[in-house]
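One structure below.
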Amino acid sequence: MVNFSKPTYAVLGLGRFGTAVARELVSDDAIVIGVDLNETVVNRNNGILTQVVQGDTTDIAAMTDLGIADCDGVVVGIGTPNVESSILTCSVLNDMGVKNLWAKSSGTAHGRILEQIGVPHIVHPEVAMGRRVAHLVRGVNLDYVELSEGTAMVRTVLPLSAVGPLNEIDMWNRHGVKIVALLREGQWQPVLGAVELSEGDQVQIYGSAKKVEKFARSAPRI
């Protein structure tokens, strides 16, 4: 049994997605229980995650013995070709009373079934990455993160029209964006109070997807 002295999470299914989630949580000083049926995958993560178990995630007794219901969050990273296992695992976790449940969807039908059985957080990694690449490939954004449907955070070069003292209210009224961070001397700094914006500055901006795109398109290419 894991000692729940720190924030504790379970990642069920240690493919590329699940392993990336699990290792990122570990790097953030969390306790992580990883479970997978594949012995090779389990061995690959042994010594990296807090605890790695070879087991059947659809077995409610096994999940109970591991204390999965007591975790602060559970991520189901099982996808194609094991969609049935993903659905059964999520059903088991619902029966166990897991509230902070996240599951990877491998497609529209899979996602719809996860939604129907009551999974509160469904992740569509391929769709999200495809949309992100679409925003990057045009070359106007240095990075693009969709925060929710219709809103985004973008890293871009400051348009020449915005050079000078920052007036946040005017920036929002004219462009519909908020500059939240500024890259200076290789370090990202939050924009607090009076700031002088210079030609060539890289900035992080927030706003509606359409407006941050329009703002970025007016920036010089680098």
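Residues in the range 53-66: is at least one assigned to a loop (DSSP other than H, G, I, E, B), hydrophobic (A, V, I, L, M, F, W, C), in contact (Cβ under 8 Å) with a residue 12 or more places away in the chain and under 27 Å from Val145 (Cβ atoms)? Steps first, please.
First, the residues of the range 53-66 that are assigned to a loop (DSSP other than H, G, I, E, B): 55-59, 66.
Keeping just the survivors that are hydrophobic (A, V, I, L, M, F, W, C) gives 66.
Applying the additional criterion that residues be in contact (Cβ under 8 Å) with a residue 12 or more places away in the chain yields 66.
Right, trim to under 27 Å from Val145 (Cβ atoms) and you get none.
No, the conditions are met nowhere in the range 53-66.
Please go through the range 1-29 and pick out each residue that is surrounded by fewer than 12 Cβ atoms within 10 Å (Cβ to Cβ) and either among the aliphatic types (A, V, I, L, M) or modelled with pLDDT of 95 or more (or both).
Passing the criteria: only Met1.
Looking at (1) touching an Asp or Glu at 6+ places or on another chain (Cβ under 8 Å); (2) in a loop (DSSP other than H, G, I, E, B); (3) over 21 Å from Val98 (Cα atoms), which one does Val42 not meet, given that it meets all the others?
Result: Val42 passes all but (2).
Just checking, which of Asp56, Asp70, Asp65 is assigned by TED's automatic domain parsing to the domain that holds Ile117 and in contact with a Phe, Trp or Tyr (Cβ under 9 Å, 6 or more places away or on another chain)? Before the answer, list the steps.
Numbers: Asp56 fails: in contact with a Phe, Trp or Tyr (Cβ under 9 Å, 6 or more places away or on another chain); Asp65 fails: in contact with a Phe, Trp or Tyr (Cβ under 9 Å, 6 or more places away or on another chain).
Only one candidate passes the filter, namely Asp70.
For the range 181-199, enumerate the residues that are closer than 11 Å to Pro165 by Cα and assigned to a loop (DSSP other than H, G, I, E, B). Before you say what the answer is, go through the steps one by one.
Initial filter on the range 181-199 (closer than 11 Å to Pro165 by Cα): 193-198.
Selection gives Gly193, Ala194, Val195, Ser198.
Looking at the range 30-66 only, could you name the residues that are within 19 Å of Glu84 (Cβ to Cβ), surrounded by fewer than 18 Cβ atoms within 10 Å (Cβ to Cβ) and among the polar types (S, T, N, Q)?
If the condition is that a residue be within 19 Å of Glu84 (Cβ to Cβ), surrounded by fewer than 18 Cβ atoms within 10 Å (Cβ to Cβ) and among the polar types (S, T, N, Q), then Asn38 is the only one that fits.
Suppose we keep only residues that are without any contact (Cβ under 8 Å) to a residue 24 or more places away in the chain and not in a helix (DSSP H, G or I) within the range 145-180. Which one would you say is surrounded by the most Cβ atoms within 10 Å (Cβ to Cβ)?
Across the range 145-180, the extreme among qualifying residues is Val145.
Condition first: surrounded by 20 or more Cβ atoms within 10 Å (Cβ to Cβ) and modelled with pLDDT of 95 or more. Now tell me which residues in the range 79-91 satisfy that.
Our first condition is that a residue be surrounded by 20 or more Cβ atoms within 10 Å (Cβ to Cβ); within the range 79-91, this holds for 79, 86-87, 89-90.
Selection gives Ser86, Ile87, Thr89, Cys90.
Can you tell me which of (1) under 24 Å from the mean Cα position of the chain (by Cα); (2) surrounded by fewer than 16 Cβ atoms within 10 Å (Cβ to Cβ) is the one Val74 doesn't meet?
Among (1) under 24 Å from the mean Cα position of the chain (by Cα); (2) surrounded by fewer than 16 Cβ atoms within 10 Å (Cβ to Cβ), Val74 violates only (2).
The values are calculated or read from the model by the stated rules, or taken from the named source; none is laboratory data. Keep in mind that this is a model prediction, so the values were computed, not measured. Neighbour counts are summed over all protein chains in view; Cβ atoms, including those assigned to glycine, are modelled from backbone coordinates with ideal geometry.
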